[in-house]
Amino acid sequence: MKENLKSIDLGEGLGDLIFGMSREEVRKMLGEPTEIDGNPFDDKVGERTENWHYDELKLSLSFQEPLEWELDTISVTDSFYELNQQSLIGKKIKLVKGMLEEMDITDLEMEDHSDENNKKHTLLTSDAFLSNFWFDDGVLREIQWGPEDDV
């Protein structure tokens, strides 16, 4: 993993990877993604989304056409990544919730997203920090966040 990408900065980015960067700037920093796909829900010109997946880094990035293809969402799925110097991936809901509250992330809301394929799929969100914490079977599997409103 790249040490310059270790630190999750909610609202700002991931280490040297900053919200608002162009696809070209990201490509220069990280190289070619393992896979690029679009959002099937945004077919209209002017509303498209492009998702870049870096499998080796366990990192996904989203760029939106309405934002002139600037980086606007980051997702990580590995315990290598840290929020306030703490690794959260792989920890149970109660522990993660407590850790987030200690970081003054207190507007947490929990939603059940279980379905036939994912029996215990839970989302913990913070609107103030534009972040999502996805749990499977009560264990954190993914952290997803976006830029502050003024980015």
Would you please give the residues with an amide H less than 5 Å from that of L59, counting only those at least 5 places away or on a separate chain, with H modeled from the backbone geometry?
Y54
Give me the log10 of I(q) over I(0) for the chain at q = 0.10 Å⁻¹, as the Debye formula computes it from C-alpha points; what are the numbers?
-0.35
Can you compute the modelled spin-label distance between E32 and Q86, with each label point 7 Å from Cα toward Cβ, in nm?
4.0
For E24 and E3, FRET efficiency with R0 = 35 Å and r from the beta-carbon atoms, rounded to 0.05?
0.90
At 1.4 Å probe size, with every protein chain present, just tell me what the per residue accessible area of the chain comes to in Å².
58
What is the set of long-range amide H partners of D9 at a cut-off below 5 Å, with H atoms built 1.01 Å from backbone N?
L14, G15
Under the Karplus curve 6.51 cos²θ - 1.76 cosθ + 1.60, θ = phi - 60°, whole-Hz ³J(HN,Hα) for the stretch 10-25, x wherever Gly or Pro sits:
3, x, 10, x, 9, x, 6, 8, 10, 4, x, 5, 7, 4, 5, 5
Candidate lysines - alpha carbon under 17 Å from K92, same-chain residues fewer than 8 apart omitted:
K119, K120
Per-residue accessible area for K58 at 1.4 Å probe radius, Å² rounded to 10?
90
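The values are calculated or read from the model by the stated rules, or taken from the named source; none is laboratory data. All values reported here derive from a predicted model rather than from experimental measurement. Cβ sites come from the backbone with ideal geometry, for glycine too, and all protein chains shown count toward neighbours. Each accessible area value is taken on the protein alone, full model and side chains, heavy atoms only, with ligands, DNA and RNA left out. Shrake-Rupley method; radii C 1.70, N 1.55, O 1.52, S 1.80 Å.
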